[in-house]
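The values are calculated or read from the model by the stated rules, or taken from the named source; none is laboratory data. The structure displayed is predicted, hence computed values, not measured ones. Counting neighbours? That spans all protein chains shown, and the Cβs are built from the backbone with ideal geometry, glycine included.
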Amino acid sequence: MPLYVVNATKKTFELHYWVENTHKPIVDKIPPGGQKSIYPQGTQTDHQRIVDQHKMYGLVAVSEIDRSKEFIGQCYQFDKPITHDRLFSMFERNDDILYEDALTRRKEAAAATDDLVKRAAQESDNKVKNFEMEIEEVEQKGVDTQVHEVITVGDDEAPKRGRGRPRRN
């Protein structure tokens, strides 16, 4: 029963694993977007041990991909290679997840900077109403600009209301 491992990242992945009766680990390099039959001379037990060695590091069965909401770097399947359609959809899904994570981090960075600016303004008896952060891709010769994003943080947002009576300052 062959074991196939897919590298769903954009960098070469080195799969290091141990099998019985060897004194050092075996290393298989899997190119970005590629898949490889791992330890083809191994038995089903050998292959299951290899999978067990890497589950704690994020190796996921192909059948579990749709249930996961996180980025998946590597996945595996027994018996047959993973189809190209499945690989393509996994790459698109990973790109969407990375984009959303990056947007969330940019919003958090803008909120943290807004808080820092407001505290500095408060110490100098000034007031800041809105904070706006603009991200724009630098123009490059022969390349279309694709990134232009504005994140606004300020008093226009409805304040969050806590439970109980408001505190006195």
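Listed values, structure above:
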item	result
Where a residue in segment 2-29 is closer than 15 Å to Leu87 by Cα and touching a residue at least 60 places away in the same chain (Cβ under 8 Å) and its partner, wherever it lies, is aliphatic (A, V, I, L, M) and part of a loop (DSSP other than H, G, I, E, B), with Cβ under 6 Å and at least six apart	Val6/Ile82; Ala8/Ile72
Whichever residue in segment 1-35 is hydroxyl-bearing (Ser, Thr, Tyr) and surrounded by 11 or more Cβ atoms within 10 Å (Cβ to Cβ) and, among such residues, is nearest to the chain's Cα centre (by Cα)	Thr9
Residue satisfying condition, being of a type in the set (Lys, Arg) and outside the structural domain of Leu15 (by TED's automatic domain parsing), within set Lys69, Lys129, Lys55	Lys129
